[in-house]
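Asks: Mind having a look at this structure? Questions to follow.
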């Protein structure tokens, strides 16, 4: 899988020239990597391009141009790039009203551990959540989580041969499941070596 290195990133000056085009490209790309699970949960499946964009944006916004700062951003975001045998996703719990969000985040503790992907004919692969740090307390969950879904060789090969893919969440307070549309499934299969 492609690696993001300091040498592969654009300088701040080059990014300033390319930013609008790059952003438009990434927005289009993300449309085929986003799955809504019901009304309030969205999974944004990450890949090299989406993570590269996040790093470039952080460098741009923070005006980071020194090698140590660039490496820090790479260390933070590079683990979100799939490694060829998994999918990685940012899960967002979306409640526009702050009071409603507060109530629901208290109800949805552990939701990040109850998300799954399933290749047709294979067992569910449950999310490994927030490997970088805990994002919940005993009283509430976070509105953003980072998930990894490991696939065994047989499931990955079945996907490559065209098997259907489902994604869902099974939490006592929130359940949803979807058949992944073909175009999205095809985009995600590219994450597999």
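The values are calculated or read from the model by the stated rules, or taken from the named source; none is laboratory data. Remember, it's a predicted structure, so these values are computed and weren't measured experimentally. Quick reminder, even Gly has a Cβ in these numbers, built from the backbone with ideal geometry, and neighbours come from all protein chains shown.
Asks: Can you tell me which residue among 119, 128, 115, 81 is within 15 Å of residue 168 (Cα to Cα), within 15 Å of the chain's Cα centre (by Cα) and surrounded by 19 or more Cβ atoms within 10 Å (Cβ to Cβ)?
Replies: One residue alone meets the criteria, 115.
Asks: Here is a further query. Which one of the conditions (1) modelled with pLDDT under 95; (2) in contact with a strand residue (DSSP E or B) (Cβ under 7 Å, 6 or more places away or on another chain) does residue 36 fail to meet, given that it meets all the rest?
Replies: (1)
Asks: Turning to a different aspect of this structure: Among the residues of region 44-61, which ones are under 13 Å from residue 22 (Cα atoms) and crowded, with 19+ Cβ neighbours inside 10 Å?
Replies: Hits for region 44-61 are 50, 51, 52, 53, 55, 56.
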